[in-house]
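So the structure is just underneath, and the comments pick up after that.
The values are calculated or read from the model by the stated rules, or taken from the named source; none is laboratory data. Everything numeric in this text was worked out from a predicted model, so none of it was measured. We place every Cβ from the backbone using ideal geometry, glycine too, and count neighbours over all the protein chains shown. Side chains included, ligands, DNA and RNA excluded: accessible areas come from the protein's heavy atoms. Shrake-Rupley method; radii C 1.70, N 1.55, O 1.52, S 1.80 Å.
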Amino acid sequence: MEILILLALPLGGALLLALAGAHRLAPEANVGFSLATFAVAVLLTVRVIADGPRVCCSEQFFVDPFNVFLVTLTAFVNFTTALFSRRYMRIEEHHGRLGRARLRLYHGMYQLFMFTMLLALLTNNLGLLWVAMEAATLSTVLLVSLYRSAASLEAAWKYFILCGVGIALALFGTILLYFAAERVLGHAGTDALLWTRLDAVKDQLEPTVLAIAFVFLLVGYGTKVGLAPLHNWLPDAHAEGPTPVSAVLSGLLLNVALYAVIRCKVLVEGAIGPELPGRMLMFFGILSVLLAAFMLWRQKDIKRLFAYSSIEHMGIITFAFGMGGAVANFAALLHMTVHSLTKSAIFFAVGHATQKTGSQQMADIRGLLGLSPALGWGLMLGTLAILGMPPFGVFASEFLILTTAMREQPWATPLLLLALGVAFAAVFGRTQEMVLGEHTGRRLPVPPSLLPVFVHLALVLLLGLWIPPFLADWYRLAARMIG
Amino acid sequence: MPTMPLSGQYIHLFASVVLLLSFAMLAQRRIRTLIDLFALQGAALVCSTTIVAWTGDQPHLYYSAALTLLLKVIVLPLILYRLIDRLQLRWDTETGLHIPATMLIGLVLVVFAFGLAQPVSRLAGHVTQSTLGIAIAVVMLAFLMMITRRKAVTQVIGFLAMENGLFFAATSTTYGMPMVVELGIALDVLVGVLILGIFFFQIREQFDSLDLHHLERLREE
């Protein structure tokens with residue numbers, strides 16, 4: 001029951017805000033819907049802690065240890081981003097960058113985007129998973145082009161075409177998967193695409209078909225994860241869209257796409273063994289990490305810088321899932337959580353920093369600490385957290401991934417260390433220049449909303465020091481399931 | 001080799017029509033004619049889906065044939081016609097396209113597609129065995145079209161043609177996806193085209209043209 005309410009809330013919110021999003025109180029309504037969604041997600045989580053995994057609606061939806069924490073995380077970041085965007089969008093309106101009509105589009109699409117992500121996470125049907133992923137692209141295209149500037153239109157077009165083509169390949173992979181499933185499960189209508197059913201018979205699925213299917217699924221959903229070499233849309237879409245959209249794209253959408261890849265990987269591994277899928281994930285993962293780390297040096301735009309950092313972290317997570325095994329999977333799941341929290345916090349801080357200085361060029365952003373100590377510290381601490389400094393959670397997950405790599409895949413360790421070092425030098429140097437020095441900013445018409453930044457960072461710090469036992473249990477169970 | 005039943009031959013006939021239309025689209029410069037061809041390809045898909053439904057005794061495929069008829073033969077072409085009328089692109093042509101070279105690459109892609117389909121189609125049912133190769137070929141040709149075209153509208157038609165190929169793959173290997181998934185896909189395609197319609201006006205407003213050369217400024221320096 002909670003599952004259906006959880007899906008109905010953002011969908012209802014999208015409809016209401018699409019009709020009345022130009023109203024003065026629309027940002028508050030947006031926060032309200034997001035808060036309600038989060039509350040239901042918490043309720044669902046509590047129920048899962050008490051009663052264990054569950055399915056509903058003739059097995060069409062399900063919650064298991066792998067998706068339950070992602071659902072809560074998505075609902076949480078959704079809520080904090082709505083809080084941030086309330087102030088952020090007010091300021092944008094004051095600065096005359098957006099009108100009321102655009103804000104209506106923005107609020108409607110924002111809730112719709114949440115709905116598609118929750119649907120993707122909760123559905124048990126791999127076909128619906130695809131539909132939800134495509135709908136997630138569609139609902140964000142017009143958000144990326146919200147400012148209607150030449151650059152934002154270009155970014156949105158690139159985003160649509162690249163992700164559209166990518167997702168079409170994933171559909172082909174899904175068709176092949178269905179083809180293999182039908183031969184085992186019989187022509188059972190919808191049932192043959194249910195993940196739980198497939199998981200039960202995964203060792204009987206036709207290996208050749210599944211191997212081909214996995215290539216298509218990985219490339220297809222991998223485009224949305226931002227894995228190299230199909231990552232081109234990601235920095236553009238992050239840099240040109242409004243900052244709350246960058247925060248949810250980086251913090252949530254990439255996770256959801258990776259979730260889709262891993263769900264498929266579990267099935268494929270059951271049929272053809274861990275060799276091929278693992279190698280492919282490791283290859284694309286390490287390629288993304290290296291490419292992103294070196295691209296970080298060349299960035300001038302602050303949002304592009306952190307977009308490349310997202311590619312790097314997605315690469316690390318993909319690599320860890322590729323290694324497989326209990327520890328690496330545990331670390332990858334933890335890294336998904338902490339990256340999502342940290343990166344969205346950074347984008348919140350970056351958003352207000354660009355509003356204060358009136359530019360996204362890092363050369364123009366100076367002296368944030370003098371301008372607003374809370375903002376400066378928020379960006380600095382966020383950067384330290386994302387770069388893997390102890391005691392933040394990113395350090396814990398990266399440490400686990402590196403030590404496992406030393407044991408399991410020694411060849412990869414120097415590459416990972418090199419990339420992490422390069423990324424550290426690039427991002428830390430830039431942030432230091434932006435935070436310190438003489439300041440040249442303006443006062444904002446509405447005080448910036450920095451509470452979400454520090455709440456996120458506090459959670460990341462907490463996860464670095466102590467993981468709540470129920471969360472650790474989920475990670476462990478999910479890690480065992482992923483294999 | 002035993003002779004194929006008549007229905008199987010019809011399926012092959014329509015499959016080859018679909019492939020032929022893909023090549024026709026690849027070689028077509030005029031945007032209006034391209035939409036005609038796209039609608040025709042949809043019609044060929046409807047015919048082949050109906051025959052598969054009849055021979056395979058798959059009643060739900062009739063629904064998906066009806067859905068295709070509605071969406072790809074009627075609604076999408078109408079939207080696209082209206083769009084090019086409103087944007088005054090009716091007589092627009094695609095320049096800077098080397099057709100013979102594109103066709104040659106297309107031929108290579110078809111051979112490659114059949115090679116790729118080999119291991120899978122060996123396992124497929126008797127009637128639909130060679131159609132998977134054609135389906136993959138249609139997807140790849142549409143992909144090629146998207147790469148070679150410079151206009152936003154033609155790229156979108158390429159994108160829709162790719163979806164045609166995927167639909168064809170679904171009917172030919174598995175008797176179609178479950179209904180709820182097909183409905184979802186149809187909804188996504190429809191919404192996608194509507195969003196792109198809005199998007200075209202935004203691009204036009206900004207650049208006074210729908211040529212994608214304008215959309216190549218964001219680069220890594």
Note to self: Relative contact order for chain B: what percent, with Cα pairs under 8 Å and sequence separation of 6 or more?
What the structure shows: 22
Note to self: Nothing charged except the Cβ atoms of Lys and Arg (+1) and of Asp and Glu (-1): what's the magnitude of the dipole of chain A about its Cα centre? Round to the nearest 20 debye.
What the structure shows: 1220
Note to self: Defining a contact as two alpha carbons under 8 Å apart and six or more residues distant in sequence, what relative contact order in percent does chain A show?
What the structure shows: 15
Next item on the list: Quick one: check the C-alpha center-to-center distance for region A:311-331 versus region B:10-62, whole angstrom.
Entry: 43
Margin query: With n ≥ 4 as the cut-off for DSSP H runs, can you work out [θ] at 222 nm for chain B, using -39500 (n - 2.57) per run divided by the number of residues, rounded to the nearest 500?
Written below: -25000 deg cm²/dmol
Next item on the list: Would you mind checking which residues have amide H under 5 Å from A:Asn125's amide H? H placed 1.01 Å from N; only 5 or more apart, or other chain.
Entry: A:Trp195
Notebook entry, point to check: Which of the peptides B:67-75, A:261-269, A:340-348 is most tightly packed, and how do the rest follow, going by the mean number of other Cβ atoms within 10 Å of each residue?
Noted result: A:340-348, A:261-269, B:67-75
Note to self: Just to confirm the number: angle between the C-alpha axis of helix A:393-408 and the first principal axis of chain A, 0 to 90 degrees, nearest 10?
What the structure shows: 40
Check: Roughly speaking, what is the centre-to-centre gap between region A:193-209 and region B:145-221 when only Cα atoms are used, to the nearest Å?
Finding: 31
Margin query: Please give the charge dipole size of region B:6-220, origin at the Cα centre, charges +1 on K and R Cβ atoms and -1 on D and E Cβ atoms. Round to the nearest 20 debye.
Written below: 340
Margin query: Could you work out [θ]222 nm for chain A from helices alone, using -39500 (n - 2.57) per DSSP H run of at least four and dividing by all its residues? Round to the nearest 500 deg cm²/dmol.
Written below: -26500 deg cm²/dmol
Checklist line | Other protein chain Cβ atoms within 10 Å, averaged over every residue that makes up A:132-140 | finding: 3
Check: How would you rank A:244-251, A:52-59, highest first, on the average number of other Cβ atoms within 10 Å across their residues?
Finding: A:244-251, A:52-59
Item checked: Dipole of chain A, positive end: most advanced residue of A:His231, A:Met282, A:Cys57 [Cβ charges, Cα centre] -> A:His231
Check: On a 0 to 90 degree scale, rounded to 10, what angle separates helix A:26-51 from the longest Cα axis of chain A?
Finding: 40
Next item on the list: Relative to the longest principal axis of the C-alpha atoms of chain A, give the angle of the C-alpha long axis of helix A:275-296, reported between 0 and 90° and rounded to the nearest 10°.
Entry: 10
Next item on the list: May I ask you to order B:52-62, A:29-39 by the average number of other C-beta atoms within 10 Å around their residues, highest value first?
Entry: A:29-39, B:52-62
Next item on the list: List the DSSP H helices in chain B whose Cα atoms stretch 27 Å or more along the helix axis and whose mean Kyte-Doolittle hydropathy is at least 1.6.
Entry: B:6-27, B:99-121, B:179-207
Checklist line | Net charge, B:Thr95 excluded, C-beta distance under 14 Å - Lys, Arg +1, Asp, Glu -1 | finding: +2
Notebook entry, point to check: What whole-number value in Å² describes the accessible area per residue of region A:74-218 for a 1.4 Å probe?
Noted result: 24
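For chain B, with all protein chains present and a 1.4 Å probe, just round the carbon and sulfur fraction of the accessible area to a whole percent.
Here carbon and sulfur together make up 67 percent of the probe-accessible area.
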Notebook entry, point to check: Could you give the length gained on full extension between A:Thr403 and A:Ala150, defined as 0.36 nm per residue of separation minus the Cα-Cα distance, in nm?
Noted result: 86.5 nm
Next item on the list: Using the Cα centre as the reference, give the magnitude of the dipole from point charges on the C-beta atoms of region B:127-221 (Lys, Arg: +1; Asp, Glu: -1; all else neutral), rounded to the nearest 20 debye.
Entry: 220
Next item on the list: Choose one of B:Phe200, B:Leu70, B:Phe38: the residue whose Cα lies farthest towards the positive end of the charge dipole of chain B (beta-carbon charges +1 Lys, Arg; -1 Asp, Glu; about the Cα centre).
Entry: B:Phe38
Notebook entry, point to check: With the radius of gyration and the Kirkwood radius both derived from the Cα set of the protein assembly as shown, what is their ratio Rg to Rh?
Noted result: 0.96
Checklist line | Å² per residue, accessible surface of chain B at 1.4 Å | finding: 43
Notebook entry, point to check: Any idea of the total accessible area buried by the B-A contact, 1.4 Å probe, rounded to 100 Å²?
Noted result: 4300
Margin query: Among A:Gly108, A:Gly166, A:Ile212, whose Cα projects farthest towards the positive end of the dipole of chain A, with charges put on the beta-carbon of Lys, Arg (+1) and Asp, Glu (-1)?
Written below: A:Gly108
Next item on the list: Please average, across the residues of B:202-209, the number of beta carbons from any other chain that are within 10 Å of each residue's own beta carbon, and give a whole number.
Entry: 3
